[in-house]
Amino acid sequence: SYTAVTDVAAGLATLGERPDGDGRVWHLPTAPAVSTREIHTMVEKRVGRPLNVVVLERPRPFGPFDERMMAEYEEMFYQH
C-alpha cells in the first residue's frame, strides 16, 4: 500500500509527543490498496501522456543506491 509521507510524519510526531503511546503498537494511516498499474494510470492522467514503463528483472544500482544497498534490497524486490 502507498502512504502519504505527510500522514506518516504527522502520526509519528503525535506519537512522539504522547507518552501514553509508549510500548504499544500503532498503525499509521495508509491509503486504500491500489496496484502499481493504477498508480501509473493516475500519473499518466496528471502528466497528460503515457508513461514509458520498464520492467526490471532485478534491481540495478543507480544514484545514491549503491551495490551494497541494492544487494540488501534485492531480497525484498519481489514485493515491488
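Would it be correct to say that residue 6 is in a helix (DSSP H, G or I), of a type in the set (Val, Ile, Thr) and surrounded by fewer than 10 Cβ atoms within 10 Å (Cβ to Cβ)?
So residue 6 fits the description; yes.
Mind checking which residues of segment 51-70 are loosely packed, with under 10 Cβ neighbours inside 10 Å and either touching a residue at least 40 places away in the same chain (Cβ under 8 Å) or of a type outside the set (Val, Ile, Thr) (or both)?
Selection gives 52, 56, 57, 58, 60, 62, 63, 64, 67, 68.
Any idea which of 24, 68 is basic (Lys, Arg) and either outside any loop (DSSP other than H, G, I, E, B) or within 16 Å of the chain's Cα centre (by Cα) (or both)?
It is 68.
Of (1) touching a Phe, Trp or Tyr at 6+ places or on another chain (Cβ under 8 Å); (2) of a type in the set (Gly, Ala, Ser); (3) assigned to a helix (DSSP H, G or I), residue 13 satisfies all except one. Which?
Among (1) touching a Phe, Trp or Tyr at 6+ places or on another chain (Cβ under 8 Å); (2) of a type in the set (Gly, Ala, Ser); (3) assigned to a helix (DSSP H, G or I), the lone unmet condition for residue 13 is (1).
Any idea how many residues of segment 22-36 are touching a residue at least 24 places away in the same chain (Cβ under 8 Å) and among the hydrophobic types (A, V, I, L, M, F, W, C)?
Counting residues in segment 22-36 that are touching a residue at least 24 places away in the same chain (Cβ under 8 Å) and among the hydrophobic types (A, V, I, L, M, F, W, C) gives 4.
Computed from the coordinates by the stated procedures, all read-outs in this text should not be read as laboratory data. It should be emphasised that the depicted structure is a prediction, and the values quoted were computed from it without experimental measurement. No Cβ is skipped: glycine too gets one built from the backbone with ideal geometry, and neighbour counts run over all protein chains shown.
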